[in-house]
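Undergrad: Please see the structure below; I have some questions.
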Amino acid sequence: MPKYDAKCDKCGRIFEYTAPIVTAGDPPPPCDKCGNEETKKVFNMNGGGFILKGQGWFKKGGY
Ligand SMILES: [Zn+2]
């Protein structure tokens, strides 16, 4: 399964998770640190290039 990164809106933690391709990583799981469910998926390059949607504002190495 491809890997995705999610970022917690509450504590700022970025954590990795895997999800089936059919879900495209949505929705991300709750934060594994504080349990907050308000997490956002962010793209990384570990998933083998599964970029399914826009969000071109996110660039590797910076915000
Ligand atoms: Zn958190």
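Undergrad: Which residues, counting only those in region 31-47, are at pLDDT 95 or above and surrounded by 15 or more Cβ atoms within 10 Å (Cβ to Cβ)?
TA: Cys31, Thr39
Undergrad: For region 10-27, how many residues are modelled with pLDDT under 95 and in a loop (DSSP other than H, G, I, E, B)?
TA: Residues in region 10-27 being modelled with pLDDT under 95 and in a loop (DSSP other than H, G, I, E, B): 6 in total.
Undergrad: What residue, among those in region 8-26 that are within 15 Å of the ligand (Cβ to nearest atom) and open to solvent by 50 Å² or more (accessible area, probe 1.4 Å), is farthest from Thr39 (Cα to Cα)?
TA: Here is the first cut: in region 8-26, the residues within 15 Å of the ligand (Cβ to nearest atom) are 8-17.
Right, trim to open to solvent by 50 Å² or more (accessible area, probe 1.4 Å) and you get 9-11, 13-14, 16.
On the way: Asp9: 6, Lys10: 8, Cys11: 10, Arg13: 9, Ile14: 9, Glu16: 12 Å.
My answer is Glu16.
The values are calculated or read from the model by the stated rules, or taken from the named source; none is laboratory data. None of the values given here were measured: they were computed from a predicted structure. For neighbour counting, all protein chains shown are included, and Cβ atoms are generated from backbone atoms with ideal geometry for every residue, glycine included. Surface areas here come from the heavy atoms of the whole protein model, side chains and all, with no ligands, DNA or RNA. Shrake-Rupley method; radii C 1.70, N 1.55, O 1.52, S 1.80 Å.
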